[in-house]
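Structure first, commentary second.
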Amino acid sequence: MILAPEVETRPWEEQLALDDAAYREQLAYLLERSPFYRDKFAAAGVTDAATAGGLAAIAGLPLTEKRELRATVTPEDPIGAHLCAAPEEIVRIYSTSGTTGAPSFIPLTASDLENWVTGSARSYAASGVQPGQRVATTYNAGPFAAGAALASFDRIGLCHVPLGSGSTERLLRVIELLRPAAAVLTPSYAAYVVEWAAERGIDLPGASVERVLVAGEPGGGEPAFRAQLEAGWGARVTEAMGIGDIGVSLWGECEAQDGMHLGARGFVHAELIDPATGAARALEDGAAGELVLTHLRHRGAPLLRFRTRDHVEVRTRPCPCGRTGPRIRCVGRTDDMLIVRGVNVFPAAVREVVSAFAPAVSGHIRVRPPAPGVKQEPPLPVSVELARGADPDPALAEGIRERVRSQLVVQVRVELVPWGSLARSQYKSTLVEH
Ligand SMILES: [Zn+2]
């Protein structure tokens, strides 16, 4: 279902023209209201919106990093110098938990929240769910921005059955009794539920769920991993992706399963950069790089050229669903990336290669870099979990090693470990253990 056909099938050139006008207004708003961007632009020689130009010139402006925003937080200014709206305009504040433990805050005005839900609803509707169907969700609303996505299910016209995380038993009971047509989970949790049901003799593929919507971490778009989930659930798996500082479920995959469409089109502008140098890369078919996002109509604490740390691949060829614009697939987080003799290695890509050896393997892996930091010497140790009851076969290890070498151009040392020996996650998986 296309929730807003006039928007989602608009020729992309027309979208960019509309976005250009919105962007120029957003820039003027930032210069007027944002101490953070006033300083940042001044350092780059930009003192008024006209000098900055339009979207075509956006790559001439500086990038924004999360740590820069955090650096402006003080006890008197707990949100940071990028806050633009007056306190009485803010209707909601989400938190993110940083690695240091100090939360950072995401303030939203009423129109920000409305735009988040609008974009998120388009992204999730792309999965093929239909108004009137039931959807069981497993996100915890809590303090996190992901909670805002929950409102998009009502918006689509679905009957929303919120379950939160932490009770697989409840989820399976709800599937049995309320027979939802769709379920929303992280890819890791979706995989966990498959094993949990199989261990208890529950026929998940025969149950009511026809669509599994995954988000929250990369993986749902990896063909081999997706095939495992689809077999385990007896359902079509599509993915969605957002980033707390910019918006929830900004992107959502359609039934063609060939990358995520920008549901938040008109609200957010997407760019691609070289993660090492920050240089802009054209958003063209087959391009890859780090995703950089800019708010176009945001009021609370808008961000410009925000580095998402998500490494994506781009598709621009027409999609059979009729939605226009570039599509992306996230191949991993820049933060998880390792560099082995100059070659970038994403742990999720290693998992994808290994998953193709199912049913001999369980699909669970751990990359175990011996050195601290990003740069590693080959061979890179990888633990690969075997399928239930399988014996370690040196030929299997050699086959995996060889395919990783040929597909990812990296030397690994494969250690086969028994089924069940790598910890499962009911939220997001850890693929790397230093
Ligand atoms: Zn499509």
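All of the numbers you see were taken from the coordinates with simple rules; none came from a lab. Only a predicted model underlies this, so the values are computations on that prediction, with no experimental measurement involved. As a convention, Cβ positions derive from the backbone with ideal geometry for all residues, glycine included, and neighbour counts pool all protein chains shown.
Over all pairs of different C-alpha atoms in the stretch 159-303, the reciprocal of the mean inverse distance, the Kirkwood hydrodynamic radius, equals 16.9 Å.
Under the convention that each Lys and Arg Cβ holds +1 and each Asp and Glu Cβ holds -1, the size of the dipole of the chain around its Cα centre is about 380 debye. For the chain, modelled as a GNM whose springs connect Cα atoms under 10 angstrom apart, the maximal fluctuation among Gln407, Gln228, Gln26 occurs at Gln407. Anisotropy class assigned to the stretch 46-126 is oblate, per the alpha carbon gyration tensor with a/c at or over the 1.5 cut-off and a/b no larger than b/c. Among 210-219, 37-46, the peptide with the highest mean count of other Cβ atoms within 10 Å heads the list, and the full ranking is 210-219, 37-46. Rounded to the nearest whole Hz, the Karplus-based 3J(HN,Hα) values (6.51 cos²θ - 1.76 cosθ + 1.60, θ = phi - 60°) of the stretch 381-389 follow the sequence x, 10, 8, 10, 7, 7, 5, 4, x, with x at glycine and proline. Across all Cα pairs in the stretch 194-242, the calculated P(r) in 10 Å bins from zero up to the longest distance comes to 28, 51, 20, 1 percent per bin.
Can you tell me what the convex hull of the Cα atoms of the chain projects to on average, as an area in nm²? Mind dumping the intermediate values first?
Details: hull surface 83.0 nm².
Average of the hull's projected areas for the chain equals 20.8 nm².
Sorted into 5 angstrom bins from 0, the C-alpha pair distances of the stretch 3-143 split as 2, 7, 12, 16, 16, 17, 14, 9, 4, 1, 0 percent. Computed 3J(HN,Hα) for the stretch 397-406, one whole-Hz value per residue from the Karplus formula 6.51 cos²θ - 1.76 cosθ + 1.60 where θ = phi - 60°, is 4, 5, x, 5, 4, 5, 6, 4, 4, 6, glycine and proline marked x.
The residue among Val248, Leu262, Leu16 whose Cα reaches farthest toward the positive pole of the charge dipole of the chain, with charges on the beta-carbon of Lys, Arg, Asp and Glu, is Val248.
Normalised by the number of residues in the stretch 229-378, the average gap of Cα pairs under 8 Å and 6 or more apart makes the relative contact order 15 percent. For the stretch 120-246, the Cβ-based charge dipole about the Cα centre amounts to some 380 debye (Lys, Arg positive; Asp, Glu negative; other atoms uncharged).
So how do 12-19, 128-135 stack up, highest first, on mean other-Cβ count within 10 Å? Don't jump to the answer; show the numbers that get you there.
Details: 12-19: 14.2, 128-135: 17.4.
Per-residue mean Cβ counts within 10 Å order the peptides as 128-135, 12-19.
Each 5 Å bin from zero holds the following percent of Cα-Cα pairs in the stretch 298-417: 2, 10, 17, 18, 14, 13, 10, 7, 5, 2, 1, 0. For the stretch 166-221, the spherically averaged projection of the C-alpha convex hull amounts to 3.7 nm².
For the chain, the cysteines with no partner cysteine C-beta closer than 4.7 Å are Cys84, Cys159, Cys319, Cys330. Distances between placed amide hydrogens fall under 5 Å for Asp310 paired with Leu291, Thr334, all partners being 5 or more residues away or on another chain.
For the stretch 264-349, what's the relative contact order in percent, using C-alpha pairs closer than 8 Å and at least 6 residues apart?
Values: 159 pairs, mean separation 18.5, N = 86.
Result for the stretch 264-349 is 22 percent.
Computed as a quarter of the hull surface, the mean projected area of the alpha carbon convex hull for the stretch 355-411 stands at 4.2 nm².
For the stretch 224-282, averaging the sequence separation of C-alpha pairs within contact (under 8 Å, six or more residues apart) and dividing by the residue count gives a relative contact order of 18 percent. Sequence-ordered 3J(HN,Hα) estimates for the stretch 19-27 from the Karplus curve with 6.51, -1.76 and 1.60 and θ = phi - 60° stand at 5, 4, 5, 5, 4, 4, 5, 4, 4 Hz, glycine and proline given as x. Of all beta bridges that DSSP places with both ends in the stretch 357-434, some 35 percent have antiparallel geometry. The eigenvalues of the Cα gyration tensor, multiplied by 5 and square-rooted, give the stretch 1-78 an equivalent ellipsoid with semi-axes of 29, 18, 11 Å from largest to smallest.
Which peptide among 292-301, 175-184 comes first, and what is the full order, when sorted by highest mean count of other Cβ atoms within 10 Å?
Details: 292-301: 23.5, 175-184: 19.8.
Peptide ranking by packing, descending: 292-301, 175-184.
The ranking of Tyr124, Tyr192 by Cβ neighbour count inside 10 Å, starting from the fewest, reads Tyr192, Tyr124. Expressed to the nearest 5 percent, the antiparallel share of DSSP beta bridges inside the chain is 60 percent. Rounded if a/c is under 1.5, else prolate if a/b is larger than b/c, else oblate: which is the stretch 78-207, with a ≥ b ≥ c the root eigenvalues of its Cα gyration tensor? Since a/c reaches 1.5 but b/c is at least a/b, the shape of the stretch 78-207 is classed as oblate. For the modelled label position 7 Å from the Cα of Ala371 along Cα-to-Cβ, which residues of the stretch 382-413 have backbone nitrogen atoms closer than 20 Å? In the stretch 382-413, the label zone of Ala371 (backbone N under 20 Å from the point 7 Å along Cα→Cβ) covers 382-383, 405, 409-413. Straight-line reach from Lys40: taking Cα to Cα under 28 Å and skipping same-chain neighbours fewer than 8 places apart, the lysines in range are Lys66.
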